[in-house]
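One structure below.
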Amino acid sequence: RGVDQVVCIAVNDAYVMDAWARATKTPSKVAMLADGSGRFTRGMGLSLDLSGAGLGMRSRRYAMLVEGGVIIHMNVEAGFDVRVSGATSMLQLLNH
């Protein structure tokens, strides 16, 4: 479908991202990237403060289509469900 790379990024360290990849049997072609300090997430305006639940700063759930380093389309979840940020939504976007 013309996709060069699929990336999963989370406000966690590299060890946690590796553990998630192994636990979910994530294919090796999916890059699991750590945003340990949350700098990228904050810069994107996607920080989510879950300190009240003992989780600290996290990232909102989102998916984006990037072409040539430019965000072409971005789906950000309103809550914690996977309605617009999942693979199905992104594949529909790529097919149109």
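A few remarks follow.
- Cα centre as origin, Lys/Arg/Asp/Glu Cβ charges: the chain dipole, Debye: 120
- Sorting the segments 52-58, 66-72, 6-12 by their residues' average number of neighbouring beta-carbon atoms within 10 angstrom, most packed first, yields 6-12, 52-58, 66-72.
- When Ser59, Ser51, Ser89 are sorted by how many other C-beta atoms sit within 10 angstrom of their C-beta, beginning with the fewest, the order is Ser51, Ser89, Ser59.
- Secondary structure note: in the chain, about 65% of the DSSP beta bridges are antiparallel.
- Nearest-ten-degree value, helix 14-23 long axis tilted from longest Cα axis of the chain: 60
- Average Cα contact separation per residue, the chain, under 8 Å, 6 or more apart, as relative contact order %: 20
- Average silhouette area of the chain, convex hull of alpha-carbon atoms, in square nanometres: 6.9
Laboratory data are not the source of any read-out in this text; all were calculated from the coordinates shown. No experiment lies behind these values; they were computed from the predicted model shown. All Cβ positions, even for glycine, are placed from backbone atoms using ideal geometry, and neighbour counts span all protein chains on display.
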